[in-house]
Amino acid sequence: MLNNVFKNNRLRKAYDTIHTSFWFVPCVIILIILSLCAALVWLDSTTELEKVTWLDFLYHSDGAITRSLLTTIAGSLMTVVSITFSITMVALTNASSQFGHRLLRSFMNDQNTQIVLGTFTAIFLYCLVLVRVTYNFEQGNHLPGLAIGGAMLLTLLSIFLLIYFIHHVAINLQADTVIEKIYCQLQLNIEHIFSEQIDNESVKGCKELVLASLKSRFGLIKSRHSGYVQAINYSHLVELIATQNQCMELLIRPGDFVTRNMVVIKCSGDLSNESQQQLLSCIILGSKRTPIQDPEFAIMQLVEIALRALSPSINDSFSAIACVDKLSSTLSSLTRQTFPKGIACHTDREVRLVFKVASFQDLANTAYDQIRQNARCNLAVQLRLLEGLTRIAEQASTQEHWKLISNQKEMLENDLQKQELTGNDKAVTGQRLNDLNSLIFAAKVHD
């Protein structure tokens, strides 16, 4: 059986949507702070805190002056909220132009920004509610001193939050910070996705037998919608296949784009329209790619930053080199990663599903191809690509690894030969190629 976590892919998609929004966390904070306001007002109205000596200063004030103070605070906070949203929009616009619009997801996913926006808005509403309450309490014997004290403390907190927010935005707009955050997310995504598939796939089943059985007689299930594959509920899919007493091949994987009437599943027999619809419901489509089950997603984000950096309008070789370094580090760690085989069975231990999985070569080509193609006139980036291949070669252990290294090296060498290199540039390039060729030759001799 596959991991139970696969059963909640729709919930995971919903969580991912909420987590990258600017409305959920602020709404939660607003509810919390308004609840705090109601609790403090209730305490003021049901207890005699004004008789407590050390709280006496909170209850000896003029109602009109208090309302005027709260109104002033609310107006000031509304201005701060406007400034905060303006800074956020400027940061998003700058990130979109410098790093690419797909990187907006990382900025919107920043919970610190969400918390600051929510806190400012919540304090503003807190003061507005309290203005009305102080009017009511002014007709009585005392003011809600505890709630007013809370407003003062929250206002002081907002000052520190504003200073922190400006510092946070300044740090987050730095290219190195953006690249590092995406690199860390890439590591987590790959580890999480691979562990889900590897820990729960069939280790005794034979993938070739299933594929052979589908060659002689099979039925085709076509998609009824178009969009990117955001997640696949493998667990439920296997259960449905076992109920039909069939075996199937899933022709798509998370990250693929599916068109309407495209064949997505091959099954060992014919199925009714209802059964086909049940199987298709396990494939979640959307308008964009997400990192839920897609290991290439974060790799493509780093590639996009590198391509933007290499564009003539930005021309930032240092950012492109940083991206190459992070991608090379990721690929080096993937040489030690056990990749999933792409087979799953039901509780009867019989293989029911063969599905597509990411391979080392797929991920490596995604990481290197577009950067190499766009860096044909940038020697610094080309040399760093060669250095990255050398780091990967030092840890390579399979024919797939060496095949990828050799192919990428040949294409880079071909691009370098078209340049008229002289002096130190030619010497450094030759040294890098010799080092890489030595590792490739040693691997061939060893085999």
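The values are calculated or read from the model by the stated rules, or taken from the named source; none is laboratory data. Please read all numbers here as calculations on a predicted model, not as lab measurements. Don't worry about glycine lacking a Cβ; one is built from the backbone with ideal geometry, like all the others, and counts go over all protein chains shown. SASA here: full protein model, heavy atoms, side chains in, ligands and nucleic acids out. Shrake-Rupley method; radii C 1.70, N 1.55, O 1.52, S 1.80 Å.
Which entries in the list Lys266/Lys356; Lys181/Lys409; Lys222/Lys266; Lys341/Lys409; Lys13/Lys341; Lys326/Lys426 go over 20 Å, if you measure between the two C-alpha atoms of each?
Over 20 Å apart, Cα to Cα: Lys181/Lys409; Lys341/Lys409; Lys13/Lys341; Lys326/Lys426.
With an 8 Å cut-off on Cα pairs and a minimum separation of 6 or more residues, tell me the relative contact order of the chain in percent.
Details: 592 pairs, mean separation 74.9, N = 447.
Once normalised by length, the contact order is 17 percent.
What percentages make up the Cα-Cα pair-distance distribution of the chain when the bins are 10 Å wide from 0?
That works out to 4, 16, 19, 19, 16, 12, 8, 4, 1, 0, in percent per bin.
Quick one: putting +1 on the C-beta of Lys and Arg, -1 on the C-beta of Asp and Glu, what dipole do you get for the chain around its Cα centre, in Debye to the nearest 20? Let's see the in-between values first.
On the way: 38 positive and 39 negative charges, 256 e Å.
Dipole about the Cα centre, nearest 20: 1220 debye.
Compute the helix-to-body angle for 145-172: its Cα long axis versus the longest principal axis of the chain, expressed 0 to 90° and rounded to tens.
30
Summing -39500 (n - 2.57) over the DSSP H runs of n ≥ 4 in the chain and dividing by its residue number, what mean residue ellipticity at 222 nm do you reach, to the nearest 500 deg cm²/dmol?
Here the helix-only value at 222 nm equals -22000 deg cm²/dmol.
Please give the length that would be gained between Trp42 and Gln361 if that part of the chain were fully extended, namely 0.36 nm times their separation in residues minus their C-alpha to C-alpha distance (nm, one decimal).
Working it through step by step, the gained length comes to 108.4 nm.
Please list log₁₀ I(q)/I(0) at q = 0.21 Å⁻¹ for segment 248-363, using the Debye equation with identical point scatterers on the alpha-carbon positions.
Log-scaled intensity ratios, in q order: -1.24.
Name the shape class, rounded, prolate or oblate, that the alpha-carbon gyration tensor gives for segment 373-420, where a ≥ b ≥ c are the square roots of its eigenvalues, rounded holds for a/c under 1.5, and otherwise prolate holds if a/b is larger than b/c and oblate otherwise.
Details: a/c = 3.06, a/b = 1.96, b/c = 1.57.
Prolate shape, in that a/c is at least 1.5 and a/b is the bigger ratio.
Based on the inverse mean of 1/r over its pairs of different Cα atoms, what is the Kirkwood hydrodynamic radius of segment 309-384, in Å?
For segment 309-384, the Kirkwood estimate is 14.9 Å.
Rounded to the nearest 10 Å², what accessible area does Val129 show when all protein chains are kept and the probe is 1.4 Å?
60
Rg (Å, one decimal) plus Dmax (Å, integer) for the alpha carbons of segment 288-447?
17.8, 67
Starting from the Cα gyration tensor of segment 358-447, take the square roots of the eigenvalues, sort them a ≥ b ≥ c, and report rounded, prolate or oblate (rounded when a/c is under 1.5, otherwise prolate if a/b is larger than b/c, else oblate).
oblate
Provide His346, His236, His401 ordered by accessible surface of protein heavy atoms (probe 1.4 Å), highest first.
Largest accessible area first, the residues go His236, His346, His401.
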